[in-house]
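Heads up: the structure comes next, in structure tokens.
The values are calculated or read from the model by the stated rules, or taken from the named source; none is laboratory data. Owing to the predicted nature of the structure, the values given are computational and were not obtained by experimental measurement. So basically every Cβ, Gly included, is an ideal-geometry build from the backbone, and we count neighbours across all protein chains shown. Side chains included, ligands, DNA and RNA excluded: accessible areas come from the protein's heavy atoms. Shrake-Rupley method; radii C 1.70, N 1.55, O 1.52, S 1.80 Å.
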Amino acid sequence: MMHSLISWIAVILYALAVLSLVAALQGMVMPRRGERLALFMAVLAVPLHAAALWQGLWTAAGVNLALYNALSLLGWIMVTMLLLATLRQPVQSLGLVVFPFAAISAGLAGALGTPAPTLVPIGAPVDWHVVSSILAYAVFGLACAQTVLLAWLDRSLRRRRAGRLIGMLPSLQGMEALLFQMLAAGMVLLSVALITGWLFVEDLFAQDLAHKTLLSMMAWLVFAALLIGRQRAGWRGRTAIRWSLAGFVLLALAYFGSKVVLEILLKG
């Protein structure tokens, strides 16, 4: 009961953060004021979200990374990374995508609990693989949010309807530069995840891991091609957007797609 209550308070705070950003976007409040209020609500939500996660994740047998717990953890990490990033860069607008995801994931974990336990033993070598994988997903999640906003701004500029977006978002060039910084950081973490998977997971191509492994490797190739294309051919704009989204879809299917099948569809 307490777990659900804490989760729902966090959901409400995330929703208020989103509403603050939308109000700024619609001109109901000044952009900077709306962004500050949104960040304040998110700062209040993060410790509550963490408390709910603690109750849902930690068990005597290990960390329970079932589907809704994993989604909630990913949402919390993304919000935490975003808040830390705002100390150095103007990335508050990412909250338009990140805060709704965090709210939905926290709400699912609080309302539906765990469809099937997926326990990861604490202190085992495989923890390196799990931690690097989750961090990679979080960084790529932020990159996906950046890609969505970049596509929105690009489309608005082409149609000459950018309006208040110009006041809330950095320049197109600045957003592209930040996107590739995120992608490069995500590639490092994903590479570590794949390497530690080969080292510490007994059989990466077992029946329940084959799709995850293959899709993760395909995502790695897509992101690698995008970074090389950026470096050597100057890829940007719509090309960068399409490749980024394609890589993220593959990565999301690799982890969460397999979890949906194994924990809900096959055991439903």
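Restricting attention to segment 134-160, and to residues there that are of a type in the set (A, V, I, L, M, F, W, C) and farther than 22 Å from Ala193 by Cα, which single residue is modelled with the lowest pLDDT? The extreme case among them is Leu157.
I need a count of the residues in segment 56-84 that are open to solvent by 40 Å² or more (accessible area, probe 1.4 Å) and modelled with pLDDT of 85 or more.
So the answer is 3.
Is it the case that segment 72-92 has a residue that's hydroxyl-bearing (Ser, Thr, Tyr), in a helix (DSSP H, G or I) and over 29 Å from Ala177 (Cα atoms)? Full working, then the answer.
Of all residues in segment 72-92, those hydroxyl-bearing (Ser, Thr, Tyr) come to 72, 80, 86.
Checking the rest, the ones that are also in a helix (DSSP H, G or I) come to 72, 80.
Imposing the further condition that a residue be over 29 Å from Ala177 (Cα atoms) reduces the set to none.
Scanning segment 72-92 turns up no residue that is hydroxyl-bearing (Ser, Thr, Tyr), in a helix (DSSP H, G or I) and over 29 Å from Ala177 (Cα atoms).
Condition check: touching a Gly at 6+ places or on another chain (Cβ under 9 Å), open to solvent by less than 50 Å² (accessible area, probe 1.4 Å) and in contact (Cβ under 8 Å) with a residue 60 or more places away in the chain. Does Leu96 satisfy that?
Numbers: touching a Gly at 6+ places or on another chain (Cβ under 9 Å): no; open to solvent by less than 50 Å² (accessible area, probe 1.4 Å): yes; in contact (Cβ under 8 Å) with a residue 60 or more places away in the chain: yes.
Here the answer is no, as Leu96 does not meet what is asked.
Figure legend. Inter-residue proximity from segment 48-64: first residues closer than 16 Å to Val79 by Cβ, second residues aromatic (Phe, Trp, Tyr) and not in a strand (DSSP E or B), beta-carbon distance below 7 Å, spacing 6+ or different chains. Indicated pairs: His49/Trp76; Ala50/Trp76; Leu53/Trp76.
In segment 178-197 there is no residue matching the filter, namely being out of contact with any strand residue (DSSP E or B) (no Cβ under 8 Å at 6 or more places or on another chain), at pLDDT below 90 and open to solvent by 40 Å² or more (accessible area, probe 1.4 Å). Within segment 112-129, not a single residue is part of a helix (DSSP H, G or I) and open to solvent by less than 10 Å² (accessible area, probe 1.4 Å).
Of all residues in segment 1-32, those satisfying the criterion of being touching a Lys or Arg at 6+ places or on another chain (Cβ under 9 Å) and assigned to a loop (DSSP other than H, G, I, E, B) are Gln26, Gly27.
Against the condition touching a Gly at 6+ places or on another chain (Cβ under 8 Å) and at pLDDT below 95, how does Ala106 come out, does it pass? Judged against the criteria, Ala106 is a match.
Answer yes if at least one residue in segment 93-103 is at pLDDT 90 or above and over 12 Å from Tyr14 (Cα atoms), and no otherwise. Scanning segment 93-103 turns up at least one residue that is at pLDDT 90 or above and over 12 Å from Tyr14 (Cα atoms). Selection of segment 3-36 for residues being open to solvent by less than 40 Å² (accessible area, probe 1.4 Å), under 21 Å from the mean Cα position of the chain (by Cα) and over 16 Å from Gly75 (Cβ atoms) yields Ser20, Leu21, Glu35.
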